[in-house]
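Read the structure below first, then the notes.
The values are calculated or read from the model by the stated rules, or taken from the named source; none is laboratory data. Note that the structure is a prediction, hence the values are computed from the model and not measured. Quick reminder, even Gly has a Cβ in these numbers, built from the backbone with ideal geometry, and neighbours come from all protein chains shown. Just the protein is used for accessible areas: all its heavy atoms, side chains included, with ligands, DNA and RNA removed. Shrake-Rupley method; radii C 1.70, N 1.55, O 1.52, S 1.80 Å.
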Amino acid sequence: MYATAAIPGCERTRLRFASFDERDFMKAVLRSAAALMSGAAAIAPLAGQAQPVPSQPPAAPAQPPPEPAEAPPPTQFLDTDGNPLPPDVQRELEEQLRERSPPAPNSENGRTTEPLPTAPARAGDGEMLVTGQRPRGSVVGDTAPERTFSPLDIGAYGAGNVAELIQALGPQVTSNRGGTESRPVTLLNGRRVSSFTEIAEIPAEAIERMEVFPEELALRYGYRADQKVVNIVTFERFRSQHGQVGYIMPTDGGHGTASLQANYFAIRRDTRFDFGAAYSRSASLLESDRELAQPGGALDAGRFRTLLPATERLTFNGVVSGTVLDGVSSTLSGRVELNTLEGLLGRDANGLLAQQTDIWSSRLGTTSHGRMGNWLWTFAGNYDRLSTEVSTDVVGANGRRDQARSVYAYVNASLLLSGPVLRLPAGPVSASILGSAELRDFSGTMLRDGVERQVERSRDSGALQLNLDVPIARRRGRGIAWLGNLSANGFLEVEQLSDFGTLRTFGYGLNWSPVDAINIIASVAAEETAPLLEQLAAPLIVTPNVRTFDFTRREVADVTQLFGGNPTLRADDRRSYRFGVTARPLAATDLTLSIDYVATRIDDPIVPFPIVTPTIEAAFPERFTRGSDGRLLQIDGRSLNFEESRQERLRWGVNFVRPLGAVEPWMRSAPARTFSNEAEARAAVPRGTMVAMVQPNSAMARRFENMASRLYVSLYHTWRLRDEVVVRQDLPALDLLNGAALDLRGGRPRHEIELQAGVFKAGLGGRLTLNWQSGTTISNPGGAGDLTFSELAIVNLNMFMNLADRFGGADPPRWLRGARATLGVTNLFNARPEVRDQTGSTPLSYQPAYLDPLGRLLSLSVRMAF
């Protein structure tokens, strides 16, 4: 096994320290500067690596002692703003300069060694100018990351690519803002990407580091501040070819899923290639497979109804990136996906009733990045097309089918400019300006009862967004430095829509770090959002025999349900308030504590149609059709606007990471990589990187094994303090935490806990996750007593083995390199929600298999490198 360690800060003799807060990086730069100024080699060796001993020059003739010289003035180190560096750093650098003396030139047999770099020029009497560069791939601005993951941290999760890694991290990259998207904003090497699909297939082994930032950073990149920001920084050189096969099977039987995927990825500085394909197929799951009780005691009715449809999915994707003009890098990405779903809806006198859905989606995206003076610019463009066709058998129509077909097309282009506006004593005021234009088109065709109807709707929009970050105080600056790092930010977005007029979004906030270990964020945001075009214009789909629990009559009914667009939807108006604190109390320990409070009020919220309670039926009587005997026959389930909603949430979390075994402090964050042979290592790493061979079972191997090992624990607790909705202005608010409900889950759980713990060492890894939520209640629906939903705890277990580490020896065969076997158990204890009425019975539509059809899942996958 070969290991590498980067040489920090050795690219230039004159190092200039940029004004940002990464103190550990600053110290590393200064150590390198001291080594360079003294003529010593600035190498960060691996544990167990012998230090090179310089050759001793031949004895020189005795020289008369030099004349005593006047002592030079004391050396003072300044940052780029001309401010003195912190006293502890000053002392450390001065001590290193005193301890190191330049060695004599080495000359043997007429050959001389490579000239040593000269000492930097002084900035003035008694002053030295120290310069350096921020880490490659850093984000815009000086926002500190909440979490940083090294390659060794990432390897401990056993993820195959970026998409799997984001999913494995779970709550660590999930926002508490309650936005519409659960996935975070993703950047690649500090830059915007055209879409998440552009980077989803990047192998996890290609990641040099991954940083998680608070939502406020999204504003600098032209996004709204309701999602975390994840910055993926890849190695400058990497190449891999992977294939993976997998199978997922419920232990209760049915709906087995087989998958196959292949990926080629290569990167060399700004040039990147990524090509992949994936295929998966799942069998259908019938109600009879779960032995569900049927209305009226019809024992065989479950054979004609699917809980989950049969699915088939095929995907192709490709990315090409490189430098097309001097200083301009561009990326072109594409993706095509085909999905087919087939399900049964029961039977009538003529036979089985079925529904088939075919979905074709395609995406073409491009980005370009460059610099104009001190300003960075990014252009992004996308074209998306989504085509959906649904065919549904009609009850009593002897084989006739209703059909609904829709085509959604989306084109957008945006230009982002980021740079300094002016300089204040605490630093530069930076601005981000985003201009964008979008074209959306939606067309649908409905064939119902032999009559064809067409619907078309389009939307053109243009938007301008401005974000300003103003530094107020700087810990190492002039003036009110005693405040620490304090900055304010504000943003404004104006969007003009062809069908909804002008919408405005604005907000402001403070970011304060009184000491290195604490960061505090407070923000306010107001946002107006128009409904999606699909929510307005999707074609009407009529689905028969949808099993529904009628709370008014306390019975199960198979009803006809309408789905589609609602052209009367209004734009919603959201106000959110956030206060968050992140702390790292122990400097030598990777321990992060966080607490986050968010309050949100939404006027005219857009919601999917809720469950059939007497309150909802009273508020929207036109949505329900009943027979003369009172039985529920039809529901119009299209989306609608409520009057108002209010939420308050408190979320706190703890993250702890440490190696397993003794590791020297400098090794804990070393940017180390491992390779199977020296040639592979030399081809992958840049100049200035040390490569060392690690013999199996040697002392170095054991120390490196400890450095690469990980124990990690992540715990998050969400406490909902308030969750209310006003359905209609003349009706009282529904308290979703105390008896009201809008969906089958029975209100909102007041408490949720997400726990994740994992270990990794010597190629073996395991991760255990626990997701727990408190119980809920639907209070006396229909006047027949409460429905009680039990608390629920889902435990998942994932284990993996890197085969080359376990069985490959010092030089594993090529087919074994990068091979990984993974075994997973989802819902280890097969827990499902339990619902009871006042008699202790479970209503038919609340049987556990309806709420969770799959239960415990076993998964096995094998990933191979070629």
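Residues in the stretch 540-559 that are not polar (S, T, N, Q) and not in a strand (DSSP E or B): 540, 551, 553, 554. Regarding residue 423, is this residue part of a strand (DSSP E or B) and either among the small types (Gly, Ala, Ser) or modelled with pLDDT of 95 or more (or both)? Considered against the rule, which asks whether it is part of a strand (DSSP E or B) and either among the small types (Gly, Ala, Ser) or modelled with pLDDT of 95 or more (or both), residue 423 comes out as no. The residues in the stretch 820-859 that are more than 29 Å from residue 807 (Cα to Cα) and among the hydroxyl-bearing types (Ser, Thr, Tyr) can be counted, and the count is 6. Residue count for the stretch 204-253 satisfying the condition of being open to solvent by 20 Å² or more (accessible area, probe 1.4 Å) and without any contact (Cβ under 8 Å) to a residue 40 or more places away in the chain: 2. For the stretch 562-593, the tally of residues that are of a type outside the set (Asp, Glu), open to solvent by less than 30 Å² (accessible area, probe 1.4 Å) and assigned to a strand (DSSP E or B) stands at 7. Looking across 306, 323, one residue alone is among the polar types (S, T, N, Q), touching an Asp or Glu at 6+ places or on another chain (Cβ under 9 Å) and within 27 Å of residue 354 (Cβ to Cβ). It is 306.
Restrict the check to the stretch 784-799 and report whether at least one residue is more than 27 Å from residue 718 (Cβ to Cβ) and touching a strand residue (DSSP E or B) at 6+ places or on another chain (Cβ under 6 Å). Scanning the stretch 784-799 turns up at least one residue that is more than 27 Å from residue 718 (Cβ to Cβ) and touching a strand residue (DSSP E or B) at 6+ places or on another chain (Cβ under 6 Å).
Within the stretch 131-141, the set of residues being open to solvent by 50 Å² or more (accessible area, probe 1.4 Å) and either in contact with a Phe, Trp or Tyr (Cβ under 8 Å, 6 or more places away or on another chain) or modelled with pLDDT under 85 (or both) comprises 133, 134. Specify the residue that is nearest to residue 593 (Cα to Cα); the eligible residues are those in the stretch 704-738 that are in a loop (DSSP other than H, G, I, E, B), at pLDDT 90 or above and touching a strand residue (DSSP E or B) at 6+ places or on another chain (Cβ under 7 Å). The residue in question is 737. Answer yes or no: is there a residue in the stretch 380-388 that is closer than 30 Å to residue 268 by Cβ, without any contact (Cβ under 8 Å) to a residue 60 or more places away in the chain and open to solvent by 30 Å² or more (accessible area, probe 1.4 Å). Looking for residues that are closer than 30 Å to residue 268 by Cβ, without any contact (Cβ under 8 Å) to a residue 60 or more places away in the chain and open to solvent by 30 Å² or more (accessible area, probe 1.4 Å), one finds at least one in the stretch 380-388, hence yes.
Quick test for you: out of 770, 734, pick the one residue that is in contact (Cβ under 8 Å) with a residue 12 or more places away in the chain and under 17 Å from residue 827 (Cα atoms).
Testing whether each residue is in contact (Cβ under 8 Å) with a residue 12 or more places away in the chain and under 17 Å from residue 827 (Cα atoms) leaves just 770.
Residue 402: of a type in the set (Asp, Glu) and more than 22 Å from the chain's Cα centre (by Cα), yes or no? The answer is yes for residue 402. Picking from residues in the stretch 827-846 that are under 34 Å from the mean Cα position of the chain (by Cα) and either in contact (Cβ under 8 Å) with a residue 60 or more places away in the chain or not in a loop (DSSP other than H, G, I, E, B) (or both), the one that is surrounded by the most Cβ atoms within 10 Å (Cβ to Cβ) is 835.
If you go through the stretch 527-552 and pick out every residue that is under 24 Å from the mean Cα position of the chain (by Cα) and in contact (Cβ under 8 Å) with a residue 24 or more places away in the chain, you end up with 2. Return yes or no: is residue 377 part of a strand (DSSP E or B), open to solvent by less than 70 Å² (accessible area, probe 1.4 Å) and without any contact (Cβ under 8 Å) to a residue 60 or more places away in the chain? Criteria met by residue 377. Within 30 Å of residue 380 (Cβ to Cβ) and assigned to a loop (DSSP other than H, G, I, E, B) - does that describe any residue in the stretch 307-329? Yes, some residue in the stretch 307-329 is within 30 Å of residue 380 (Cβ to Cβ) and assigned to a loop (DSSP other than H, G, I, E, B). Answer with yes or no whether residue 853 is within 25 Å of residue 632 (Cβ to Cβ), assigned to a loop (DSSP other than H, G, I, E, B) and open to solvent by less than 40 Å² (accessible area, probe 1.4 Å). Answer is yes for this residue.
None of 354, 397 is of a type in the set (Gly, Ala, Ser), on the phi < 0 side of the Ramachandran plot and at pLDDT below 90 except 397. If you go through the stretch 594-638 and keep only what is among the small types (Gly, Ala, Ser) and part of a helix (DSSP H, G or I), you end up with 618, 619.
When you look at residue 865, is it over 29 Å from residue 288 (Cβ atoms), open to solvent by less than 30 Å² (accessible area, probe 1.4 Å) and at pLDDT below 95, yes or no?
Working: over 29 Å from residue 288 (Cβ atoms): yes; open to solvent by less than 30 Å² (accessible area, probe 1.4 Å): yes; at pLDDT below 95: yes.
Answer is yes for this residue.
The residues of the stretch 339-364 that are of a type in the set (S, T, N, Q) and over 10 Å from residue 393 (Cα atoms), listed by number, are 339, 340, 350, 357, 361, 362. Only a single criterion out of (1) surrounded by 17 or more Cβ atoms within 10 Å (Cβ to Cβ); (2) within 30 Å of residue 365 (Cα to Cα); (3) of a type outside the set (A, V, I, L, M) is not satisfied by residue 435, namely (1). Here is the figure for the stretch 155-203: residues that are open to solvent by less than 20 Å² (accessible area, probe 1.4 Å) and among the acidic types (Asp, Glu) total 1. Within the stretch 497-519, being part of a strand (DSSP E or B), surrounded by 14 or more Cβ atoms within 10 Å (Cβ to Cβ) and either touching a residue at least 40 places away in the same chain (Cβ under 8 Å) or not aliphatic (A, V, I, L, M) (or both) holds for 503, 505, 506, 507, 508, 509, 511, 512, 513, 518, 519. Would you call residue 293 open to solvent by 40 Å² or more (accessible area, probe 1.4 Å), modelled with pLDDT of 95 or more and farther than 30 Å from residue 507 by Cα? No, not satisfied.
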